[in-house]
Structure formats: C-alpha cells, structure tokens
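The values are calculated or read from the model by the stated rules, or taken from the named source; none is laboratory data. Small disclaimer: the values here were computed from a predicted structure and weren't measured. Note: ideal-geometry Cβ built from the backbone for every residue, glycine included; neighbour counts use all protein chains shown. Keep in mind that these areas ignore ligands, DNA and RNA; they rest on the heavy atoms of the full protein, side chains included. Shrake-Rupley method; radii C 1.70, N 1.55, O 1.52, S 1.80 Å.
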Amino acid sequence: MLKTVLPSFIKEMFKVNKTYPATKIVKWLWQSSSDNRLQAILNTIIGLLEVGVSLASVTAVKYAIDIASHTREGDIILAVATMGGLILCNFACSISSVWVRNVLGIKAQNRMQRRMLGRILRSEWRGRDSMHSGDILNRLEQDVNTVVNFVAETLPSAISTFALFAGAFGYLFLLDKTLALIIITMCPVFLILSKLYVGKMRQLSRDVRESDSQVQSLIQESVQNRILVKTLESEDAIVDRLDSRQQELRHKVVRKTRFSLFSNLIVNFGFAMGYLTAFGWSALRLFDHSLTYGGMTAFLQLVNKIQSPARGLTRLAPQFVHVFTSAERLMLFEDIPLEKQGDSITLEGTCGIAFDNITYAYADDPTHPIITDLSFDFKPGTCTAIIGETGAGKTTLLRMILALVKPTHGSVYIYNKEKRIAASPLTRSNIIYVPQGNTMLSGTLRDNLMLGNIDATDEQMWEALSTACADFVHELPDGLDTEFSEKGGGLSEGQAQRICIARALLRNCSVMILDEATSALDPDTEKKLLHNLLSGNSHTVIFITHRHAVLEYCDQSLNIEKVHH
C-alpha cells in the first residue's frame, strides 16, 4: 500500500502547471534584457573583481598567519598592509555595485515598464477585459521589478558566484586534492535537490502572485468606488471580503514558506556536514604537523568559499522560480496581438460611416450574436441618434466604428466623396469620441486638454471650452493650469463632462461620436451645447442617447433591438 501511495504523493507534490516551456521563457528573458545589458556587464565585471580580491585575501591571510606563527619568514607589516589594501579594494567594489544598482537599475525598470505599457495600449481589445486593472498594475510593478533585477543583478551575481566556486575549488585542489574532491562530490546532491525544489516552488510562487493580484484588485476597486460602497453601507462587507482574500494569500504564503524552510533545512544540513568534514580533516593534518596554522585557516576559508557559492547557487533556485513566474505573467501581455500599426489615414472633408451587413458576437459565445445583419449609412454632415434598450449593442456599434472590435461578419467603412476604406485603428484620426461618464485624468486642466491635441494653443483650448459650454474654467483659481485629482476631483459631473467634450473637440476631426455625453447636464446647458456642436453641419454626428432633447436635433435615428436567443 505504502509503495503505491508514496510515489503518487511525491508526483503530486512536485506537479507543475507551466504556461510556457522553460526554453521559451529563457528566450524571452534574453530578448527583454537588451535594455539592461550595460548594467549586467558592469555588475559582472565588478563581481569578478570581487572574486579576485576574495581569493587574493585567502593567500594574504595565510601568508600573514604563517609569518606571525614563525612558520615562514617575511615582513609582517607588509603582510598586514596587503590585507588592508585588499579590504579597501573590496570596499571600492561594493560602492561601485551600489552605484550601478541604484543609478542604472531604475532606468532599466522604467524602460521595461514603458515598453510593457506601450504594448498593452497598442494591443487589440478583445471586447471583454480578461485581466483586472489591479492585476495589470501588479504585473507592471512587481513582475517588471523581478525580471529587471534578475537580468541586471541575479545573473551577473550567478556568474561571479560560479567563478568564486571554481576558483576556490582550484585553489583548494592545489593545496589538498583529497579534501577538494570530498567537498565537490557533495555538490551533485544539492543540484538534484534544487531541481526538485524548483518544480514545486514555481507553482507555489505562481499561486502566491495570483492571490496577491486579487488582493490588490479588490483594494483598487474599493478605493475607486468608495462612494458607492458608502451609499450601499457595504463597508463591512468589503473589509470582510478583503480579509477573506488576505487569508487565502496568507495560506498560500505559509505553504510556500513551509516548503522553502524544509528544503533549506536539508540543504543547510548537507553544507554543515561538509564544513565539519573539512574542519576535521584539516585538524588531523595540523595534529600530524603536515599543515600549518595558516594552511588550516586557508583550508577553512576555501571550503567556505566553495560552500558559500554552492549555497548561493542553490538560492538561485527560488530566484529562477520567481523570475520564470513573473516572465510568464508579462509574456501574456505579448500574446495579445497588436492592432494594425502605421501612419494614420485621414480623409478630406466631411466623412460618413457605413455598416454593411454586420454581425457581432463575443469570441467566447460565437453562437449568440448581439447584433445581426445590420446595414446603415451615417451620411456625411448628418446627425444620427442610436437608441435602444440596455444590452442591445449600441456601445458595440461605436466600438466597431472606432475599430476597437471587428465585426464577426460584414464590414464597417468610412468614406468621403473620393474614397471608401474599411474602418481600422489607422482611421481613428477621422473621429472625435466622447465616452460615457467622467474620463478626466489627474493633473492640470491643460494636461487633460492636450490629450486631444498635444500641439493645441491656449487660444484653441479656450475656443474648445467655449464651444463645450465650459466657460466656468475662467473662474478657476489657475485657469488652464488648475490641478485636479483623479476624475477631476472638485468638479461636478456636468463640469467634468463638458471638459471632456472640449478635449475631444481639439482633435478637429470629421466624425463626432458622443456616448451619453450630455447625461449630467441641465436642459438649458444641454440645449446650448447641442446648438454649438451642430451648427454649421461641419461634422457627421452620432449620438448614443436616451434623452428626447437630443432626438429633436437629429436628422435620423437607428433603433437597435436586443437579440433574443
């Protein structure tokens, strides 16, 4: 019974679910290290210099002890001075290492974060976000830091550690072949243990990172929606939910820590036995007068310099585990295809939008489309209201115009008198889009407006604000340079909504899409804003709305009915 249960238990214990093979992760780490190679090279050079100083110190100590014990002749002052010089060299290496880590390390981390964020922003949007924003932030911060530190710090450290191991073994071999061989034969045992350790630890680390992301996601959502939490009187429920997720995280951390401590106990016991063997061997030789005091000191130092790197190499196992876990989590960003890249395609004059027999279904539910066989023409210069019940697919239509999602069947076109081209990310340069709700970012009012046009002048900004009925900005303490917190803290929803409209108007594009963009405005302000936006017929305007005041301004309407399955 035991013979059948034990192997299955061990197999289950070390079972690992890998998202990517190790070779693919290593290749990705190498490609991602291009921005960190200068730091890695400098750290490697400094590490190798430290190895040289360390091995030279063994000789210097042996030499000084033998002179002091009158085993050999020499100048004791020169011997001590040599040791002092080596100590100063070691200090210089340590200072250089800290400088390289702090100055170049933050640059490398910033570059990778920029690259990852750029990849996320340029990737296709799948219609439904598969990752929580809190999880994405967790990856951009902690996982990027883990990868950068591994490439720039851990790998150079591993090279110098291996160099110290090889150098110390060679030195000990010259002094005593038997002892060197005894010590080195213990290393394969540690390598086998490390291989088993890596397999299990990788899964445990992934579990901890995923649980940590869930905790961060809940905290982020709770802070962002704290007013909702207050009004629902759900403070205790949220705190209890956080406690539950934290308990799950603690449980996984305990499992990981328990496994790590048990593994380290076995490895440390092996190292202790190795050191005890070296001590006993050198003590016997000293007793037989075949070894000097300095020689015994050199033996013990060299054994320590063999075991210390070997111990360091075993500690590399969890670091490899952590970086493989972090690399897998970041590689998922790069699995999402990029949107079509290239120069923007801007059509002259006022453009129209045409739906040609489009059908749309989510990728995870292809048999139940939310829009079926729809054709419609938003002719140049017209104003159209898209109406329909919630869930009918109104917002999805806008996303197809913006090429955020593609129709499952059929096509979306943008056209003018001369051209008719398929909607793509490159045709967004023809479109002004004002999404539903408050989309202001933290920073100054000027920063927010420049997202619409980075080259906009103050005169253009004031003109856009006037068109959007946002003249209240003149009364703000610092005008365009007034600072706002997240979501335009301090402004009413209506004020924030008008600033968002002004920001969009600075794009000065042909097609204007407004998704419930006047929902927070009073009737008089809404009427004035609509008059400003629609005067001159210089835009093709598309509204998603439930407000009758908007319908009165429209030339036509598109009623979207919910598809019932």
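What are the pairs with Cβ atoms under 9 angstrom where one residue, in the range 432-458, is in contact (Cβ under 8 Å) with a residue 24 or more places away in the chain and open to solvent by less than 10 Å² (accessible area, probe 1.4 Å) and the other, located anywhere, is of a type in the set (Lys, Arg) and in a loop (DSSP other than H, G, I, E, B)? Sequence gap at least six, or different chains. Once the first residue is in contact (Cβ under 8 Å) with a residue 24 or more places away in the chain and open to solvent by less than 10 Å² (accessible area, probe 1.4 Å) and sits in the range 432-458, its partners that are of a type in the set (Lys, Arg) and in a loop (DSSP other than H, G, I, E, B) give ILE432/ARG507. Of all residues in the range 16-38, those being assigned to a helix (DSSP H, G or I), modelled with pLDDT under 80 and under 19 Å from the mean Cα position of the chain (by Cα) number 5.
Listed by position, the helices (runs of 4 or more DSSP H) contained in the range 458-565 that have at least 2 residues being modelled with pLDDT of 80 or more and under 20 Å from ARG399 (Cβ atoms) are 493-505. LEU121 satisfies every condition listed in (1) farther than 26 Å from TRP30 by Cα; (2) open to solvent by 80 Å² or more (accessible area, probe 1.4 Å) except (1).
Residue under question is PHE150, and the condition is that it be in contact (Cβ under 8 Å) with a residue 60 or more places away in the chain, surrounded by fewer than 21 Cβ atoms within 10 Å (Cβ to Cβ), within 20 Å of LEU29 (Cβ to Cβ) and not β-branched (Val, Ile, Thr); does it hold? For PHE150, the condition - in contact (Cβ under 8 Å) with a residue 60 or more places away in the chain, surrounded by fewer than 21 Cβ atoms within 10 Å (Cβ to Cβ), within 20 Å of LEU29 (Cβ to Cβ) and not β-branched (Val, Ile, Thr) - is not met. I need a count of the residues in the range 406-426 that are in a loop (DSSP other than H, G, I, E, B), in contact (Cβ under 8 Å) with a residue 60 or more places away in the chain and among the basic types (Lys, Arg). Qualifying residue count for the region: 2. If you check THR408, THR444 for being under 26 Å from MET461 (Cα atoms) and polar (S, T, N, Q), only one passes: THR444.
When the residues of the range 348-366 are narrowed to those that are outside any loop (DSSP other than H, G, I, E, B) and open to solvent by less than 60 Å² (accessible area, probe 1.4 Å), which ends up nearest to SER211 (Cα to Cα)? In this case the residue turns out to be TYR360. In this structure, is SER205 open to solvent by less than 30 Å² (accessible area, probe 1.4 Å), modelled with pLDDT of 80 or more, under 24 Å from PHE320 (Cα atoms) and not β-branched (Val, Ile, Thr)? For SER205, the condition - open to solvent by less than 30 Å² (accessible area, probe 1.4 Å), modelled with pLDDT of 80 or more, under 24 Å from PHE320 (Cα atoms) and not β-branched (Val, Ile, Thr) - is not met. For the range 380-405, taking the residues that are open to solvent by less than 10 Å² (accessible area, probe 1.4 Å), among the aliphatic types (A, V, I, L, M) and assigned to a strand (DSSP E or B), the one that is farthest from LEU530 (Cα to Cα) is identified as ILE386.
Has the range 335-347 got any residue that is under 35 Å from the mean Cα position of the chain (by Cα) and open to solvent by less than 50 Å² (accessible area, probe 1.4 Å)? Within the range 335-347, one or more residues are under 35 Å from the mean Cα position of the chain (by Cα) and open to solvent by less than 50 Å² (accessible area, probe 1.4 Å). Only residues that are open to solvent by less than 80 Å² (accessible area, probe 1.4 Å), under 45 Å from the mean Cα position of the chain (by Cα) and of a type in the set (A, V, I, L, M, F, W, C) were counted across the range 72-110, and they come to 9.
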